[in-house]
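Working notes, beginning with the structure itself.
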Amino acid sequence: MTEKRVAFVTGGSRGIGAAIVKRLAKDGLHVVAVARQLDKLQEVVAAVTQLEGSAEAVTCDVADSKALAAAIEQAAERHGRLDVLVNNAGITRDGLILRMDDEDFDVVIATNLKSAFVAIRSAARPMMRSKSGRIINISSVSGVAGNPGQANYAASKAGMIGLSKSVARELAGKGITSNVVAPGFITTDMTIGLNEKLKEAVKGAIPLRRFGEADEVAAAVSFFASEAAAYVTGQVLCVDGGMVM
């Protein structure tokens, strides 16, 4: 059995996910980092190891429910415990509602929302056995306030909030908390590609007048995963510079 607390983080190969993996490892957890791209995952794990942290790479398409459930079950069995689950994996297929086809809606729901449901159902079992656990779902301000051109994405992220609150009520008696981090505009590969005019327009809608950093989202996850958050469950923390307050 692994002595360190064990975290399972989906979408851990880049951006916010990579920052979460590094932060939880820095906090002293052993992190099972999950994504589809092994090479990117290995870079994140190597960075953790360089800083004397503990992490491993597991390749998995979270939209494949059977593969995701198996990956979680195997991680819990391999380490003899599972303490923290972070559902971070997500995709976008943006488009106006009148032009959005069924496939674009379904694939976003499957990757962003159904995967979180499958992961929670699988992780809950080892957590219940130890009567302790932290479930942290990475939603979005789009799921809190909606966003034009993102009906599928906003629906998936709003669904994560409802899922998290339901799970918080169901599992509280087992010592398991369930919370949500909802990032706003964060500097990642996705936002770097925006043109400067759009970036300035977005910043104008943010009271703090800047994009957030992935490390700032990871800090919120770190809090929810810690003992300091033992009495916090069913909550949504927006890391958005005040955008949707």
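The HN-Hα couplings worked out from phi for region 233-241 by the Karplus form 6.51 cos²θ - 1.76 cosθ + 1.60 (θ = phi - 60°) are 8, x, 9, 10, 10, 7, 10, 9, x Hz, whole numbers, x standing for Gly and Pro.
Looking at region 1-59, which GluC sites (Glu not before Pro) are DSSP coil and have at most 13 other C-beta atoms within 10 Å of their C-beta? Provide the component values of the computation, followed by the final result.
On the way: sites: Glu3, Glu43, Glu52, Glu56; in loops: Glu3, Glu52.
Filter output for region 1-59: Glu3, Glu52.
Trypsin sites (Lys or Arg not before Pro) within region 55-96: which are DSSP loop residues with at most 15 other Cβ atoms inside 10 Å?
Working: sites: Lys66, Arg78, Arg81, Arg93; in loops: Arg81, Arg93.
When the trypsin sites (Lys or Arg not before Pro) of region 55-96 are filtered for loop state and at most 15 Cβ neighbours within 10 Å, nothing remains.
For Thr187, nonlocal amide neighbours, meaning residues 5 or more places apart or on other chains whose placed amide H falls under 5 Å from its own, are Gly212, Glu213, Ala214.
Separation of region 118-187 from region 59-80 is 18 Å, based on Cα centroids.
Taking one equal scatterer on every alpha-carbon of region 99-153, how large is log10 of I(q)/I(0) by Debye at q = 0.18 1/Å? Calculated log10 I(q)/I(0) at the listed q: -0.71. Translational diffusion coefficient of region 60-150 (Stokes-Einstein, Kirkwood radius from Cα pairs, 37 °C, 0.692 mPa s): 228 µm²/s.
The HN-Hα couplings worked out from phi for region 100-114 by the Karplus form 6.51 cos²θ - 1.76 cosθ + 1.60 (θ = phi - 60°) are 7, 8, 4, 5, 5, 6, 5, 5, 6, 5, 5, 6, 8, 9, 5 Hz, whole numbers, x standing for Gly and Pro. Think of each Lys and Arg Cβ as +1 and each Asp and Glu Cβ as -1; about the Cα centre, that makes the dipole of the chain roughly 640 debye.
Over all Cα atoms in the chain, the spread is summed up by Rg and Dmax: 17.1, 53 Å.
Can you tell me the length gained on complete extension of the stretch Met1 to Glu200, counting 0.36 nm per residue apart and subtracting the Cα distance? Mind showing how you got there, number by number?
Details: separation 199, 0.36 × 199 = 71.64 nm, distance 5.03 nm.
The Met1-Glu200 span can extend by a further 66.6 nm.
The sum of -39500 (n - 2.57) across all DSSP H runs of n ≥ 4, divided by the residue count of the chain, sets its helix-only mean residue ellipticity at 222 nm to -14000 deg cm²/dmol. In region 6-235, taking the dipole from charged Cβ atoms about the Cα centre, the farthest positive-side position among Gly234, Val202, Ala155 is held by Gly234. Axis of helix 151-171 versus longest Cα principal axis of the chain: the two differ by about 30°, to the nearest ten degrees. Set Lys and Arg Cβ to +1 and Asp and Glu Cβ to -1, take the dipole of the chain about its Cα centre, and tell me which of Ile120, Thr10, Ile192 lies farthest positive. Final value for the positive-end residue is Ile120.
All of the numbers you see were taken from the coordinates with simple rules; none came from a lab. What you see is a predicted model; the values in this text were computed from it and never measured. Glycine also receives a Cβ, built like all others from the backbone with ideal geometry; neighbour counts cover every protein chain displayed.
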